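A.B. asks: For reference, the structure I am asking about is given below.
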Amino acid sequence: MHRSIHGFLALVLVSSLSAFAQDSDNIGHTRHLHRHGDEHPRAAEADGRFMTSRDSPVVLDLPREDDAFFFVVFGDRTGGPTTGVSVLADAVRDTNLLEPDFVMTVGDLVQGYNQTPQWIEQMLEFKQIMDQLVCPWFPVAGNHDIYWRGPDRPEGEHEHNYEMHFGPLWYAFTHKNCGFIALYSDEGDPETGVKDYSKPASNVMSDEQRAWLGETLGRFSELDHVFVFLHHPRWLGGGYGSTWEPVHKMLVQAGNVTAVFAGHIHRMRSDARDGIEYISLATVGGAQSGVVPEAGYVHQFHVVTVRREQIALASIPVGQVMDVREITGEVSRETAELAQSQPQIEGAVTVSADGGARGQIIAHVANPTSRAIDVAVTLASEDNWWASLPDHAHARIEPGASKAFSFRIDRFAGVLNDRFRPLDLVVSADYLCEGHRYAIPETRRTIPMEVQLPAPARPEVERVIALDGRVGHLAVPPDKIAMDDGPLTLECWMKADSFAKRTGLVAKTENSEYGLFVSGAHPGFSIHLNNAYVDVVAENEVLEPGRWYHIAGVFDGREVRLYVNGSLVGAAPGTGVRTINALPLIIGGDVTGRGTMTSPFDGMIDAVRLSATARYSGEHFEPQRRWSRDDATVLLLNFDGKTAIWLYDESGRGAHPMMRPGVMLADQ
């Protein structure tokens, strides 16, 4: 199933897990529970264990060689959709990568609330998954495992079925001088036998189980730690009543009960009392709201590291343990290649003056890898006037193959105004390995649009665009400014508010093409010829914030030149074929391989022109503030006005750029 990150990654080194705990100072002995940042046990002396042939005054601490171990605790599996078993299977896979000594559960193993035939089927399903663990596992009974629904309810409901197939309702064992006790929290009302965890009268431990617990705690009195497991966190009170109090006193009197684990509430919670940690787990497939994942509303399991003096506790979201051995050079290379691949869009949408739109597009998605991929293709927009048929598509694409996805697109007519937003093609993919599917970051490409804009009237005051230096930019569709290989001129006026170390001005450079830059306040022009960039950077020119400059880059087929305010500030020999890409021209930054903006410009830009000729030569020329179209003009933006999200291109090619957030028209 799909593995969600929830904004945090769990990378586990078992010997140094992050921990939270509560120290005890009031139960008659000293207990040290490991906290994040506390001193870790270290050897007093190296005792010949440390070796080197180098001379250094630094003494490196070595860990003590105590017989530490760790175990895993699973939360509730039930109460959610039937697909919860897939989450459980993912948790088993994660746990096998960690190889703990064993796994404990805290109950609700099957959906239950049924009769024997259905219960047996669910039990077999659960055990089949859990038996894939490479370590032993130990069950705890929860209400879903015990409660019966329907006629012919037997005494004890499903207790007999549970003990026949899972084991005793309560039991204990020892491991490496530690004790582990599983309790049964659904014995029911001792007077009526009613099982109902929401009623205090049903939350009473029987005399039989209490006597057994006391006897077991006595047998465990010399152990380093005792851990207790049950389903309901009765210590929280409320509907559970106050029947946990006498049990708690027994645990405190034992003197070595370190932690008690439960589930049922489907969220993480940590409480401490009298030196005992009370830990509630969330889910491993059970009903999960996910309301605040990073605060424990998440599918997860606990890892408990045990040393003689202390324990450490950590939670790992299900699906977040990475298999080091699976990420081979091939997987690393191919997932990166898949992430960088772009869907190809055939067709376009025609936008009319009333805002209505119609078109047919075909998205071609290729799988360049040696493994199959699962792909989801959707159309998305902040503008809810768009509609498409279908609204999404899924496919599995075999290695080296490609898949075409066809969409009919419409937009309701109304008014073409500032509320218009483009429609994006969104492609997400999973790279499929034997034990894991690797989610590839989604790719977004704006659907090509053909729009006929009226030419704006020339304003009384010249207009410019102001960019916020963070996300603001214009994107010019690449097909509208395509040029044959040969001479070109790229120019604009700019006034910066500040300069970053790398700052794009007008560019479509991604191992190809051309661009103007003002990185670190130094103007530069780059063009990709014969598979390598020719860069001209005026290191001696330092641009000042708050001042207008004309920047022009020229390629005439033999030389690459850079001009500032009409003066030649740098030149370099340059010949050969220009490398072409299908990425947009970004005004106010540079472009990434995914067609997005990077290296943003902070300030104002005016009068952007791209020409299929070398317009300037020699040492000096007088730059104009405003140009008119001629036969060599490929793009011409004087920023006189806008329609909806577009600024008008005067070249006659219809290369009207889209305004992205962080851009506004302003007076010069």
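A.B. asks: If one computes P(r) from the Cα atoms of the chain, what percent of pairs lie at distances over 45 Å?
C.D. replies: On the way: 99914 of 222778 pairs.
Value for the chain: 45 percent of Cα pairs lie more than 45 Å apart.
A.B. asks: Ranked by Cβ crowding within 10 angstrom, fewest neighbours first, how are T192, T378 ordered?
C.D. replies: Sorted ascending by nearby Cβ count, the order is T192, T378.
A.B. asks: Using just the alpha carbons, could you tell me how many Å³ per residue the convex hull of segment 329-417 encloses? Before the final figure, lay out the partial values.
C.D. replies: Values: hull volume 8.5 nm³, N = 89.
Given the Cα convex hull of segment 329-417, per-residue volume reads 95 Å³.
A.B. asks: Can you tell me the Rg and the Dmax, both Å, for the Cα atoms in segment 314-377?
C.D. replies: In order Rg, Dmax, the Cα atoms of segment 314-377 give 19.2, 59 Å.
A.B. asks: Next up: Could you please rank H160, H473, H522, placing first whichever residue has the fewest other Cβ atoms within 10 Å of its Cβ?
C.D. replies: Fewest to most other Cβ atoms nearby, the residues stand as H160, H522, H473.
A.B. asks: Provide the gained length on full extension for the span E539 to R153, in nm with one decimal, where the gain is 0.36 nm per separating residue minus the Cα-Cα distance.
C.D. replies: My answer for the length gained is 130.2 nm.
A.B. asks: Okay, moving on. Of all GluC sites (Glu not before Pro) in segment 81-187, which ones are in loop regions per DSSP and have a Cβ with at most 12 other Cβ atoms within 10 Å?
C.D. replies: E155
A.B. asks: Can you list residues whose amide H is under 5 Å from E277's amide H, if they're 5+ apart or on another chain and H is modeled 1.01 Å from N?
C.D. replies: Close amide H contacts, sequence-distant or interchain: A259, V260.
A.B. asks: Okay, moving on. Based solely on C-alpha atoms, express the radius of gyration and the Dmax of segment 503-583 in angstrom.
C.D. replies: 12.3, 38
A.B. asks: Another one. Mind computing the radius of gyration and Dmax over the alpha-carbon atoms of segment 63-197? Å is fine for both.
C.D. replies: Just the Cα atoms of segment 63-197 yield Rg and Dmax of 16.3, 61 Å.
A.B. asks: Another one. At K199 and F69, where each label point lies 7 Å from the Cα along Cα→Cβ, what is the point-to-point distance in nanometres?
C.D. replies: 4.1
A.B. asks: Then there's this: To make sure I understand the rule: partners must be lysines, Cα under 25 Å from the Cα of K642, and not fewer than 8 residues away in the same chain. Which ones qualify?
C.D. replies: K480, K495, K508
A.B. asks: Using unit Cβ charges (K, R positive; D, E negative) and no other charged atoms, how large, in debye to the nearest 20, is the dipole of the chain about its Cα centre?
C.D. replies: Numbers: 58 positive and 88 negative charges, 318 e Å.
The calculated dipole for the chain is roughly 1520 debye.
A.B. asks: Evaluate the charge dipole of segment 463-667 about its Cα centre and quote only its size in Debye, nearest 20, assuming +1 on the Cβ of each Lys and Arg and -1 on the Cβ of each Asp and Glu.
C.D. replies: 400
A.B. asks: How many nm separate the modelled label positions at A532 and E99, each set 7 Å beyond the Cα in the direction of the Cβ?
C.D. replies: In this crude spin-label approximation the distance works out to 5.0 nm.
A.B. asks: Another question about this same structure. Explain nothing, just the number: relative contact order of segment 413-542, from Cα pairs under 8 Å at least 6 residues apart, as a whole percent.
C.D. replies: 11
A.B. asks: How about K199: which aspartates and glutamates have a C-alpha closer than 15 Å to its C-alpha, ignoring those fewer than 8 places off in the same chain?
C.D. replies: Leaving aside aspartates and glutamates fewer than 8 places away in the same chain, those within reach of K199 are D186, E187, D189, E191.
A.B. asks: Moving on to the next point. For helix 329-340, what angle does its Cα long axis make with the longest principal axis of the chain, in degrees from 0 to 90 and rounded to 10?
C.D. replies: Helix 329-340 and the main axis of the chain meet at about 50 degrees.
A.B. asks: Taking only the alpha-carbon positions of segment 463-667 and ignoring solvent, what does the Debye formula give for the base-10 log of I(q)/I(0) at q = 0.11, 0.13, 0.15, 0.18 Å⁻¹?
C.D. replies: Reported log10 I(q)/I(0), two decimals: -0.42, -0.61, -0.84, -1.30.
A.B. asks: Could I ask something else about it? Can you pull out the trypsin sites (Lys or Arg not before Pro) in segment 575-668 whose DSSP state is coil and whose Cβ has at most 16 other Cβ atoms within 10 Å?
C.D. replies: Sites meeting the loop and neighbour criteria: R625, R626, R629.
A.B. asks: About the Cα centre of segment 116-236, how large is the charge dipole given +1 on each Lys and Arg Cβ and -1 on each Asp and Glu Cβ? Please answer in debye to the nearest 20.
C.D. replies: So the magnitude is around 340 debye.
A.B. asks: Could you please rank F180, F74, F517, placing first whichever residue has the fewest other Cβ atoms within 10 Å of its Cβ? Mind showing how you got there, number by number?
C.D. replies: Working: F180 20, F74 29, F517 25.
Ordered from fewest to most neighbouring Cβ atoms within 10 Å, F180, F74, F517 come out as F180, F517, F74.
A.B. asks: Report the one residue of W148, T83, P600 whose Cα lies farthest in the direction of the positive end of the charge dipole of the chain (charges on C-beta: Lys and Arg +1, Asp and Glu -1; origin at the Cα centre).
C.D. replies: Among W148, T83, P600, the one farthest towards the positive end of the dipole of the chain is P600.
A.B. asks: Still on this structure: Which is farthest toward the positive dipole end of segment 362-443 among V377, H364, L423, measuring Cα position about the Cα centre, with Cβ charges +1 (Lys, Arg) and -1 (Asp, Glu)?
C.D. replies: My answer, from the dipole projection, is H364.
A.B. asks: With a Förster radius of 51 Å, plug the Cβ-Cβ distance of M250 and V59 into 1/(1 + (r/R0)^6) and report the FRET value to the nearest 0.05.
C.D. replies: Working: r = 47 Å, r/R0 = 0.91.
According to the calculation, E is roughly 0.65.
A.B. asks: Using alpha-carbon pairs under 8 Å, 6+ residues apart, how would you state the relative contact order of segment 212-291 in percent?
C.D. replies: Details: 113 pairs, mean separation 21.7, N = 80.
Normalised by residue count, the contact order of segment 212-291 is 27 percent.
A.B. asks: Could you point to the residue in A348, A612, L562 farthest towards the positive end of the chain's charge dipole, with +1 and -1 charges on the Cβ of Lys/Arg and Asp/Glu respectively?
C.D. replies: So the residue furthest toward the plus end is A612.
A.B. asks: Right, another one. What's the angle, to the nearest 10 degrees (0 to 90), between helix 207-219's Cα axis and the longest principal axis of the chain?
C.D. replies: That helix lies at roughly 80 degrees to the long axis.
A.B. asks: Under a straight-distance cross-link criterion of Cα-Cα below 16 Å, which aspartates and glutamates are reachable from K501, leaving out those fewer than 8 residues away in the same chain?
C.D. replies: Partners within reach: E539, E541, E544, D590, D602.
A.B. asks: Same structure, new question: Add -39500 (n - 2.57) for each DSSP H run of 4 or more in the chain, then divide by its residues: what number comes out at 222 nm, to the nearest 500 deg cm²/dmol?
C.D. replies: Numbers: 7 runs with 77 residues, N = 668.
Dividing the helical sum by the residues of the chain leaves -3500 deg cm²/dmol.
A.B. asks: Could you state the angle between the C-alpha long axis of helix 84-98 and the longest principal axis of the C-alpha atoms of the chain, as a value from 0 to 90 degrees rounded to the nearest 10?
C.D. replies: Roughly 90 degrees between the two axes.
A.B. asks: Would you calculate the separation in nanometres between label points at L432 and V415, each defined as 7 Å from the Cα along the Cα-to-beta-carbon direction?
C.D. replies: So the two model labels end up 5.0 nm from each other.
No value in this document is a laboratory result; all are computed from the given coordinates. As the structure is a prediction and not an experimental result, all values here were calculated from the model. Reconstructed Cβ throughout: ideal geometry from the backbone, glycine too, with neighbour counts over all protein chains shown.
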